[in-house]
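J.: The structure is given below, and queries will be raised subsequently.
The values are calculated or read from the model by the stated rules, or taken from the named source; none is laboratory data. Note that this is a predicted model, so its numbers are computed, not measured. Here the Cβ is made from the backbone with ideal geometry for all residues, glycine too, and neighbour counts use every protein chain on show.
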Amino acid sequence: MYAIIETGGKQLNVEVGKSYRVEKLNVSEGDTVEFDKVLMISDGDELKVGKPVVEGAKVKATVEAQGKNKKVIVYKFKAKKNFRKKKGHRQPYTQVKIEAIEG
């Protein structure tokens, strides 16, 4: 069984028992979170597609960790102008483990 959910402006294909990194959510580690923007649910033989979301469908997950991704370096350089600019960015994320898909 799998579902396609929307969180953080992105769509994610999720299955029960697997862990995923999503855009940062304001919840603490160990808490449960519900995703109610479920776009599609499949249980092998039946397929439910929402317009745009499936009515009454929820995906329940447990927050495993809060963290930051590896640093991405942004380096700007202009030849012959002595212009160099270096910046780094670490995108925050929330790691969740999918417990149940309802709907």
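J.: Can you spot a residue in segment 16-23 that is in contact (Cβ under 8 Å) with a residue 60 or more places away in the chain, farther than 15 Å from residue 97 by Cβ and part of a loop (DSSP other than H, G, I, E, B)?
T.: no
Conditions tested, residue by residue: (1) part of a loop (DSSP other than H, G, I, E, B); (2) touching a helix residue (DSSP H, G or I) at 6+ places or on another chain (Cβ under 7 Å); (3) surrounded by 13 or more Cβ atoms within 10 Å (Cβ to Cβ); (4) at pLDDT below 95.
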site: 34; (1), (2), (3), (4): no, no, no, no
site: 44; (1), (2), (3), (4): yes, no, no, yes
site: 54; (1), (2), (3), (4): yes, no, yes, yes
site: 62; (1), (2), (3), (4): no, no, yes, no
site: 70; (1), (2), (3), (4): yes, no, no, no
site: 73; (1), (2), (3), (4): no, no, no, no
site: 80; (1), (2), (3), (4): yes, no, no, no
site: 88; (1), (2), (3), (4): no, no, no, no
site: 98; (1), (2), (3), (4): no, no, yes, no
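J.: For a quick check of your reading of the model, give me the residue pairs whose first member lies in segment 63-75 and is closer than 27 Å to residue 85 by Cβ, whose second is of a type in the set (A, V, I, L, M), with beta-carbon atoms closer than 8 Å and at least 6 apart or on different chains.
T.: Partner pairs satisfying both residue conditions: none exist.
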